[in-house]
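The values are calculated or read from the model by the stated rules, or taken from the named source; none is laboratory data. Remember, predicted model here, so these are calculated numbers, not experimental data. Reconstructed Cβ throughout: ideal geometry from the backbone, glycine too, with neighbour counts over all protein chains shown. Keep in mind that these areas ignore ligands, DNA and RNA; they rest on the heavy atoms of the full protein, side chains included. Shrake-Rupley method; radii C 1.70, N 1.55, O 1.52, S 1.80 Å.
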Amino acid sequence: MQERHKPRSTAANMLYLVRCTGKFLPSLLVWTATAAAVQTAIPVLEMILPKIILSELSSGGTWQRLAAVTAGVSLSLILLIALEKLCERCVYDRKLQMGSFHLHRIANKTLETDYENRESERFRTLQQECCRMCQGNESELRNVYYSWIGLLSGIAGFFAYSAVLAQLHPVLLVFLILTALAGSFTGRAPVKWLDAHSAERARYNRQLGYVDLAAEDPRAAKDILLYRMGALLRKRYGENMEKIAGWYRRYGRVVLRSSIADSSLSLLREGVAYAYLIVLALRGAIGAGDFVLYFAAISGFSAWMRAIVTHLTALRRTSLMTDKYRAFLDIPERFRRAGGISTAEMQSCPRTFQLTDVRYRYAGAPSDAAAGISLRIEAGEHIGIVGLNGVGKTTLVKLLCGLIDPTEGEIRYGNAAVAAYNRLEYYALFSAVFQQYSLLPIPLCEIVAASEQYDLQKVRLCLERAGLWEKAASLPDGVHTLYDRTIHENGVAFSGGEVQKLLLARALYRDAPVLLLDEPTAALDPISERELYESYHAITHGKTAVFISHRLASTRFCDRILLIEDGRIAEEGSHEELMRLGGRYAALYETQAAYYREGGKEEKP
């Protein structure tokens, strides 16, 4: 996740978006091209109509011929204007669909990417920026079609008007082109500034988003009220709003300077051209019809050139966003998702884990979170992993279940290295309950089954074994009751202990050969945690189970206990063996036991 790619050119990024559109919604390209052609034809007809009328009047043509020509051109304009409105509607509807297409790709990448990517700040920052550039009517990836229309019509109009002005004087045409090109360079400054400062804006937006989430989170409401954190949140919000406002003020100054330079060049360009045209008219070198035609051509030529510059600038800005979008989608995936060793025959019974000198270091960390762990876990063995907070217990669990791969060393499950398995199938070998759990606002039966398709009898059995069936059955809609009152007015809210039982039922329903418990009961009192762990222990007989806790008494029933310190296995053995050893485990156990005595008073160690 630390790789950085070389920025792609605007042309390469635009071609990429064309390919995406052609693959998903080719009709949008057709309507875009049609809109560009129509937007070119309308000004050209409007430019030549006055010349036609004046030429007919000055040549002494009949009024019938004048009326017919005028009516023909006017009818063409009416039809083109109607077609332009139709194009606008069709492009608008389809650009929304393309926005959804890009958001779908971003969502898929986010949901299916390697876990290591999800932990990366760069990944999260790119994901947020990508979502922003696809959402809303003013988002870059949706509005790129308007820029294409403007650029294509600008180029077509440039050639059409150049053909007219070349008849006036080639040198004048060259002058107009050169001053317009000079203006294009002034328009690059805002894009360069955006490229250099976009990360700063993203940081401010991310901080604002955090404050918004904290203010909306019902779980934080108690702390906010009791500790009067509202004033602090408002202060942080105000500070970040001021930073963002300052960012836009600086950007506005860059845009203003660019606009002043461009306006000055436009004044010079059109002033010289109009002066030359007036001199020709006063000398009688051109008639009234030609004067009107060239006057409109000069004005229109400047407008076309401004359109080209404006839309090129917009496309450069869109290219910067597209580059980030492509960089996000191109973030490499290390795990096998196609091919690899299948685990289909391993679902019925567990296999042995073998860790050999396993090391893992998080990106940017000064030391290893797992520092040379060698370990064998027998099939069906119940292992307790204990230690203080932050010593590497969770990292070890992530390594076992394949959420992350070792920086060094090897992990084998059965007869093959974990890296050789199809990773999605490998995940199916685990029923896991984490401290940071995720329960969707869906019916309880779907939560237990982790799917919209479920066996109702199996759901009931798992809830009974988890001790939550009576509660679920007493609800108005039984197991079909929606979870979470935050989303659903008629939803159910569970206590901490009930949530743990629901998570247990979900783990039981999966019936995987390996169970991982990563301190899911940390919010419970020590007695409740121990009782719940012992329930897991009894229910998972015959399966491999790994119980993680910083409370040593909760895992004393395990076949073997590993004490982790500084990413290493400091001690291992059964509870009785470790207590007889009288080492670090025994000292920590006695210290904690002094505080956690059932029915007794707190004692100092």
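If you go through the stretch 456-474 and keep only what is within 37 Å of the chain's Cα centre (by Cα) and either farther than 22 Å from TYR536 by Cα or part of a helix (DSSP H, G or I) (or both), you end up with LEU456, LYS458, VAL459, CYS462, LEU463, ALA466, ALA472. Going through the stretch 482-501 one residue at a time, which ones are open to solvent by less than 50 Å² (accessible area, probe 1.4 Å), part of a loop (DSSP other than H, G, I, E, B) and touching a residue at least 24 places away in the same chain (Cβ under 8 Å)? Within the stretch 482-501, ASP484, HIS488, GLY491 qualify.
Which of the residues that make up the stretch 1-30 are in contact (Cβ under 8 Å) with a residue 40 or more places away in the chain, in a helix (DSSP H, G or I) and open to solvent by 60 Å² or more (accessible area, probe 1.4 Å)? Across the stretch 1-30, the qualifying residue is only PHE24. Of the residues screened, ARG465 is one that is of a type in the set (D, E, K, R), more than 30 Å from THR356 (Cβ to Cβ) and modelled with pLDDT under 90.
Among the residues of the stretch 538-559, those that are out of contact with any helix residue (DSSP H, G or I) (no Cβ under 8 Å at 6 or more places or on another chain) and either open to solvent by 40 Å² or more (accessible area, probe 1.4 Å) or under 14 Å from GLN592 (Cβ atoms) (or both) comprise ALA538, HIS541, GLY542, LYS543, ASP559.
Entry remark, the stretch 71-123: residues being within 27 Å of ARG206 (Cα to Cα), at pLDDT 90 or above and of a type in the set (Asp, Glu) number 1 in total. The residues of the stretch 316-355 that are surrounded by fewer than 16 Cβ atoms within 10 Å (Cβ to Cβ), touching a residue at least 40 places away in the same chain (Cβ under 8 Å) and over 19 Å from ARG122 (Cβ atoms), listed by number, are ARG337, ALA338, GLY339, SER342, ALA344, GLN347, SER348, CYS349, THR352. Close Cβ contacts (under 6 Å, 6 or more residues apart or on different chains) running from residues in the stretch 241-254 that are surrounded by 11 or more Cβ atoms within 10 Å (Cβ to Cβ) to residues that are of a type in the set (Asp, Glu) are absent.
When you go through GLY392, GLY402, GLY380, GLY364 one by one, which is the residue that is open to solvent by less than 30 Å² (accessible area, probe 1.4 Å), at positive phi and within 28 Å of the chain's Cα centre (by Cα)?
GLY402
Once the stretch 502-531 is narrowed to residues that are open to solvent by 20 Å² or more (accessible area, probe 1.4 Å), of a type outside the set (D, E, K, R) and closer than 17 Å to TYR437 by Cα, the residue that is modelled with the highest pLDDT is TYR509.
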